[in-house]
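Structure record follows, encoded as structure tokens.
None of the figures in this text is laboratory data; all of them are computed from the coordinates on show. Please read all numbers here as calculations on a predicted model, not as lab measurements. FYI the Cβ positions are ideal-geometry reconstructions off the backbone, even for glycines, and counts take in every protein chain you see.
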Amino acid sequence: MNARRDLDDTTAPLGNTTRDYLEALDAAGQLITDASRDALERALAAIGCAAEADAAALYRHGAGSLRADYIGAWRGSIKLPGHAAESLARLDYRLYRDLHETLSAGLMLERRVSELLPATQVMLGPVGVQHLLCVPLLDAGELIGFLALAYLDAPRRRISGEPRFLATLANYLALALVRQQAEQRMGVNALRLSTLVGATEDMVFELDSAGIVVNVWSHHPALPSASLVGLPLDLAFPQDMAWALGQALPQALASEAREQFEFTLPRLEGAIYCIGRLQAVPSEDGRRRNAVALIRDVSELMREEARRRAMVETLDQLEEAVIELTPTGHLTRLSAAWATLRVWPNAGRLDLAQPLTNFVHEEDHDVLLRAFAEVLRAGEPVSARFRLLRQGAEPLWLEARLLPNWGADGQPHGLRGVLRDVTTAHLSEAHIRQLALYDSLTGLPNRVLLDDLLNQALSRAKRHSTRVALGFIDLDHFKQINDAFGHQAGDQVLATLARQIRSVLREEDVLARWGGDEFIVMLPDLPDLVTLSQVAERLREIARQGVVLEGIETRPTISIGMAVFPDNADNAEALLRAADSTMYHAKAMGRNNVQFYGDIVHLKSIGREHMAVQTRLNHAILNNELQVFYQPIVNARSGEVTSIEALARWHDDTAGWITPQLFIPMAEKLGLISELSEQIIVQALTKLRGWRARGFKQPLALNVSRNLLFSPRFVRNLISMVEEYGLRPHDVVVEITESLALTDHARQSRHLKQLHESGFRIAIDDFGTGYSSLSQLHDMPIDILKVDLSFTARLNNESGRRIMQAIVQMSHALGLDVVVEGVETLEAARFLQGLGVEKMQGFHFCEPVPAGVCELHLQLGLDGKV
């Protein structure tokens with residue numbers, strides 16, 4: 001030890017203290033080779049005794065941190081309580097700045113504890129330490145730890161050269177710490193290397209430049225590891241492996257590049273196939289270059305690849321095409337049969353990476369995409385049938401059996417499938433289905449298919465609370481056509497009639513052949529009964545277009561019986577019976593007409609109870625039992641109620657609510673219509689007076705019958721009644737029907753002019769149901785034109801929309817206010833708004849309601865409807 005020798009030269013003759021320091025130096029020097037805890041405690045004891053301290057402790061500075069960790073100590077005469085030992089195990093330099101700043105400068109710190117910072121006093125005071133000496137341990141000028149000597153009393157006076165002893169001891173301790181840390185890092189690195197190499201299934205060998213095995217990390221049963229170290233290549237390894245390593249070793253040592261090699265190890269149970277890489281590395285002493293070989297057993301991969309090639313070759317011999325796809329449906333692999341199906345030799349190469357749908361008939365895309373989504377969602381096989389487009393040939397019908405392609409994470413990462421040509425089977429199935437479900441003459445659904453479609457429509461109607469209409473159609477006098485022209489001509493008439501009827505139906509409607517000369521039409525999701533009447537009439541008219549038979553034009557007629565679910569029947573069988581009986585009633589009524597089951601029942605009921613109902617109506621009118629309901633007319637843009645129409649309603653104690661379509665004509669027949677009208681007017685004017693008192697300014701529309709309008713005193717009486725109720729003529733709108741306006745034009749025109757000149761506003765109700773001309777409309781004192789609801793019901797087709805547009809434009813041209821009746825849907829309201837119609841009336845806004853409900857609408861309006 002050079003430091004010991006230097007100190008020996010400067011300390012002759014030796015005193016006891018000097019000898020103690022020399023012994024301490026010997027003990028500290030031994031730490032460089034022996035870093036055990038016992039050796040450390042012996043060295044600290046020797047240092048403590050030489051410095052005549054009561055305790056000695058060694059701390060290691062945490063690299064890059066502001067703390068010092070306790071390494072070991074000699075306690076001497078100091079007894080540490082448990083909490084004190086805990087606090088001294090790790091020192092936070094932020095609490096002991098004076099200690100850290102002095103030691104970091106490479107200086108010793110020797111002071112009384114009372115002179116140190118409060119944190120140091122708090123730490124050392126409880127154990128009785130009065131004096132502290134700390135010596136820094138430095139490595140290349142950097143603080144790596146310190147030696148602490150503690151004194152219970154003031155220390156003796158330092159001898160000459162004692163600081164040099166302490167500095168030398170600090171150097172020994174610093175060397176010991178540095179070596180200890182290096183050994184720890186080497187041990188950790190060696191353990192990490194061993195763990196990393198041991199964690200792989202690869203074989204790892206280290207060879208020196210002469211080909212001698214230096215290290216082995218291998219758990220492969222063919223190459224035991226321990227027995228190979230120190231052997232040359234030809235003795236350590238099998239011949240093929242030794243030769244491969246011997247060929248690659250010189251190249252690897254001569255360059256920085258990795259050398260690749262491969263070899264085979266023959267075994268009784270089968271050859272082992274290996275691949276390897278050789279990379280030059282420094283030897284342990286750093287003076288030579290060794291090489292590390294990383295060898296992997298790829299036998300199973302080779303066998304799996306061989307099996308895969310065999311499977312591909314087998315699949316390529318099949319007529320079915322095998323495909324693989326990405327989750328988005330792009331082709332990633334195609335067997336040879338794909339090109340055969342596509343009738344294009346290059347399809348297997350050029351179709352790759354393209355979406356499968358590129359080669360599928362456009363109408364089948366949705367079917368295929370839904371199948372893809374289901375496979376990926378459920379992870380289960382799914383079958384799909386589609387048409388494959390082919391190069392210069394008709395499409396093929398293929399059946400695809402699609403399965404998920406599972407990834408290592410257990411999730412489907414794509415799809416695979418087998419495609420089979422099922423064109424012949426598909427066409428046969430389609431032909432069989434056509435024969436089983438369709439009429440061979442007309443191509444229409446037959447009874448079997450109709451039964452299924454009807455039950456589906458009724459189930460849907462029950463869920464959505466809609467109607468389904470069913471019509472029995474019978475060709476009138478068909479036997480005469482057969483007798484006159486023969487059965488072939490009869491078939492021609494039936495086929496032509498089927499095409500004609502189908503042409504006027506909606507896409508969702510169904511026309512079926514029932515048998516013979518009978519057809520059935522089904523109208524699902526029927527919006528209203530007005531539409532049913534219009535469709536039935538179009539069916540009757542289209543049949544009159546005529547058919548030319550042997551040069552003779554015939555114009556056959558049809559009889560139609562209509563029934564409605566759920567109004568007339570609650571199941572399919574009952575609905576068919578109702579339509580059938582109604583059709584026979586139509587034939588009984590003279591053929592060439594449309595009858596509705598509800599009307600038949602109604603007529604029968606009227607026939608049986610006509611006199612009783614007349615008697616009860618007479619009683620209701622005489623006893624003032626009729627009620628007035630009110631239906632708002634709305635400004636569709638603002639929702640404001642602009643006027644109200646008064647409507648007669650009758651609730652019969654025996655039959656309940658009686659429709660106005662029944663009791664109004666009956667009152668006219670009984671000669672009671674004037675009395676009925678006067679009662680309604682009185683009730684309506686009474687209510688209007690109350691509304692005026694509450695500040696409501698909307699005018700009230702009154703329907704005036706023909707008898708009442710033509711009565712000599714009507715105008716004078718109406719003016720008197722308005723004045724009697726404190727109202728003015730402009731508070732009232734007098735409504736007459738278009739047909740009434742055209743009756744006795746001169747007479748009614750005189751009355752209308754009197755009403756108009758008195759201040760009443762005049763409205764033509766149900767416009768479009770009569771045959772008024774523009775000149776008549778221009779001559780009449782009309783303020784308001786109310787378009788009949790039959791025109792509103794036709795807004796679902798182009799001709800209906802054009803007619804409505806023409807009526808609105810004509811009304812505006814004549815300077816008339818327009819009110820459109822029968823507005824039942826939001827779509828109709830929005831279309832009318834687009835035509836410039838502001839005022840509308842109908843169930844979409846509000847049905848006829850009692851006075852109290854109507855008053856709420858007057859207060860709150862009906863906004864939010866458009």
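Protection proxy ranking for 142-152, 676-686, 843-853, using the average of other Cβ atoms within 10 Å per residue and placing the highest first: 142-152, 676-686, 843-853. When you filter the trypsin sites (Lys or Arg not before Pro) in segment 404-508 for DSSP loop state and at most 14 other Cβ atoms inside 10 Å of their Cβ, you are left with ARG506. Selection among HIS365, GLN279, GLN833 by position relative to the dipole of the chain gives GLN833 as farthest towards the positive end (Cβ unit charges, Cα centre).
Our coupling estimate for segment 579-584, obtained by passing each phi through the Karplus curve with A = 6.51, B = -1.76, C = 1.60 and θ = phi - 60°, is 5, 4, 5, 5, 5, 5 Hz, Gly and Pro reported as x. Taking amide hydrogens as placed 1.01 Å from N in the peptide plane, the amide H of ILE272 sits under 5 Å from those of LEU265, ARG267, each at least 5 positions away in sequence or on another chain. Between GLU507 and ASP366, the distance separating the two model label sites (each 7 Å from Cα on the Cα→Cβ line) works out to 1.0 nm. A DSSP coil position with no more than 14 other Cβ atoms inside 10 Å describes none of the chymotrypsin sites (Phe, Trp or Tyr not before Pro) in segment 617-660. Extension gain for the segment LYS669 to TRP243, taken as residue separation times 0.36 nm less the Cα-Cα distance, is 141.0 nm to one decimal.
For segment 631-647 versus segment 462-482, the inter-centroid distance based on Cα atoms is 40 Å. Per-residue Karplus couplings for segment 236-252, computed as 6.51 cos²θ - 1.76 cosθ + 1.60 with θ equal to phi - 60°, are listed in order as 7, 10, x, 4, 4, 5, 4, 5, 5, 5, x, 6, 7, 4, x, 5, 5 Hz, Gly and Pro entered as x. Report which label in (1) 10, 20, 18, 12, 14, 17, 9, 1, 0; (2) 11, 27, 23, 19, 11, 6, 3, 0; (3) 12, 39, 36, 11, 1, 0 holds the value of P(r) over Cα pairs in 20 Å bins from 0, in percent derived from the coordinates of this structure. Answer label, from the structure shown: (1).
Legend: ranking of residues PHE386, PHE205 from fewest to most surrounding C-beta atoms inside 10 Å; resulting order PHE386, PHE205. Does segment 629-860 come out rounded, prolate or oblate by the C-alpha gyration tensor, with a ≥ b ≥ c the root eigenvalues, rounded set by a/c under 1.5 and, if not, prolate when a/b is larger than b/c and oblate if not? Cα axes put segment 629-860 in the rounded bin. Here's how it looks for TRP514: its modeled amide H is under 5 Å from those of PHE519, ILE520, which are all 5 or more places away or on a different chain.
Looking at the square roots a ≥ b ≥ c of the eigenvalues of the Cα gyration tensor of segment 418-499, which shape do they give, rounded for a/c under 1.5, prolate if a/b is larger than b/c, or oblate?
On the way: a/c = 4.02, a/b = 1.21, b/c = 3.31.
Cα axes put segment 418-499 in the oblate bin.
Per-residue ellipticity at 222 nm, computed for the chain from helices alone with -39500 (n - 2.57) per DSSP H run of at least four residues, works out to -14000 deg cm²/dmol. Which is farthest toward the positive dipole end of the chain among GLN859, ALA140, PHE565, measuring Cα position about the Cα centre, with Cβ charges +1 (Lys, Arg) and -1 (Asp, Glu)? Final value for the positive-end residue is GLN859. Using the Cβ-Cβ distance between ALA182 and THR264 with R0 set to 56 Å, the FRET efficiency from 1/(1 + (r/R0)^6) comes to roughly 0.80.
What residue among VAL628, VAL229, MET203 has its Cα farthest toward the positive end of the dipole of the chain, where the charges are +1 on Lys, Arg and -1 on Asp, Glu, each on the Cβ? Projecting each Cα onto the dipole axis, the largest value belongs to VAL628.
When DSSP beta bridges are restricted to pairs lying wholly in the chain, around 85% turn out antiparallel.
Based on C-alpha pairs under 8 angstrom that are at least 6 apart in sequence, segment 629-860 has a relative contact order of 22 percent. Here the chain is treated with +1 on each Lys and Arg Cβ and -1 on each Asp and Glu Cβ, and its dipole about the Cα centre works out to around 1460 debye. Residues whose amide H comes within less than 5 Å of that of ASN571, counting only those at least five positions distant or on another chain, are absent (H built at 1.01 Å from N in the peptide plane).
Once the Cα-Cα distance is subtracted from the 0.36 nm per residue extended length, the SER227 to ASP570 segment shows a gain of 114.1 nm.
Computed on the chain, with alpha-carbon pairs under 8 angstrom and 6+ residues apart, the relative contact order is 5 percent. Under the simplified labelling scheme, the SER160-MET721 pair shows an inter-label distance of 14.6 nm, with each label point 7 Å from Cα along Cα→Cβ. Projected label points at THR340 and GLN614, each 7 Å from Cα along the beta carbon direction, are separated by 8.8 nanometres. Placing +1 on the Cβ of every Lys and Arg and -1 on the Cβ of every Asp and Glu, with no other charges, gives segment 439-602 a dipole of roughly 160 debye about its Cα centre.
Put the Cα centre of segment 788-825 next to the Cα centre of segment 253-284 and the gap is 92 Å. Between ARG591 and HIS464, full extension at 0.36 nm per residue minus the direct alpha carbon distance yields a gain of 42.2 nm. About the centre of its Cα atoms, segment 629-860 shows a dipole size close to 440 debye [charges on the beta carbon of Lys, Arg (+1) and Asp, Glu (-1) only; nearest 20 debye].
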